[in-house]
Every structure is written in structure tokens, then in C-alpha cells.
Amino acid sequence: MPSASAENAARCVPAWQEMGYRVAVLQDRVPIDVPCDAKIVQDKYPGWAASINLLYREIVSEDCPVIVGGGDDLYPDQNLRAEEIARQFLERFPDTLGVMQPMGDPFEATHSIC
């Protein structure tokens, strides 16, 4: 997930980890102390999609069939652990060519678009 906010990341990253996710963070300009599994610090924010692609290329193992792109203002589903989300994804897209958009919180009315 991209993050420029130590405060948001400090709340968000542990929430994902508690649900079984490994979390990589792309930090914008200033390194922040966040308990993540991996991180990259950039001099400028490349945008959300470019951040997710960079994290994937630089950090995620090639044998990882499912990734979730988030942000420091999006929280995981509290009813389904990472393993269950991955199972559902692979059941629906066994060739791994698919996209599922998680809707973890109601920020900016995401319930109406996700």
C-alpha cells in the first residue's frame, strides 16, 4: 500500500497483518516507522497504480498468485482472513487472470462503487 501518513499507516498496517496479510508499504518522500513486512521509500508519489505495480515488481515473489492493492485508508474485511479471500479469488479465477476489488471501509462512499 502507498502511504504518506505515519498516523494512518500505524493504524492500517496492523489491521491487515492481523487478518493474515503480509504488508508492503511504499512511503512517499519521508521514511516513516511502520511495522510492515517490506517497504520502499520514493522521492515522490508516483500515483496509486504505479505504487502498487512498483511494490509488486520489487517485493512480491513470482510464485504469489494473489495480491491485494490497498492504501493506508482502506481496511481489510473483518469477516474473511487473507487465506479465505485468496481461496475465493482462485475459485473464481483459477487461471489467476482476474480482479476483485475489496471494499474494506466506507471512506468517500466506497460502498457505492466497490
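The values are calculated or read from the model by the stated rules, or taken from the named source; none is laboratory data. Quick caveat: nothing in here was measured; it's all calculated off a predicted structure. With ideal geometry, Cβ positions are generated from the backbone for all residues, glycine too; neighbour counts draw on all protein chains shown. Just so you know, the surface numbers come from the protein's heavy atoms only, side chains and all, with ligands and any DNA or RNA stripped out. Shrake-Rupley method; radii C 1.70, N 1.55, O 1.52, S 1.80 Å.
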Practice task
Using a Gaussian network model of the chain whose springs link C-alpha atoms within less than 10 Å, name the residue from D72, D63, D28 with the highest mean-square fluctuation.
Solution key: D63
Exercise for the section: Specify, per residue and in Å³, the volume enclosed by the convex hull of the alpha carbon atoms belonging to segment 42-97. Expected result: 101
Fill in the blank from the handout: Within the set C12, C36, C64, GNM on the chain using Cα springs under 10 Å gives the largest fluctuation to C64
Practice task
Run the accessible area of the chain with a 1.4 Å probe and give the carbon-and-sulfur part as a rounded percent.
Solution key: 52
Practice task
Determine one quarter of the surface area of the Cα convex hull of the chain, which equals its mean projected area, and express it in nm² to one decimal.
Solution key: 7.2
Practice task
Treat every Asp and Glu Cβ in the chain as -1 and every Lys and Arg Cβ as +1, leave all other atoms uncharged, and give the resulting dipole magnitude about the Cα centre to the nearest 20 debye.
Solution key: 120
Practice task
At 7 Å along the Cα-to-beta-carbon direction for both E83 and Q17, put a label point, then send me their distance in nm to one decimal.
Solution key: 1.9
Exercise for the section: Can you check what the net charge comes to around V23, using other residues whose Cβ is under 13 Å from the Cβ of V23 (Lys, Arg +1; Asp, Glu -1)? Expected result: 0
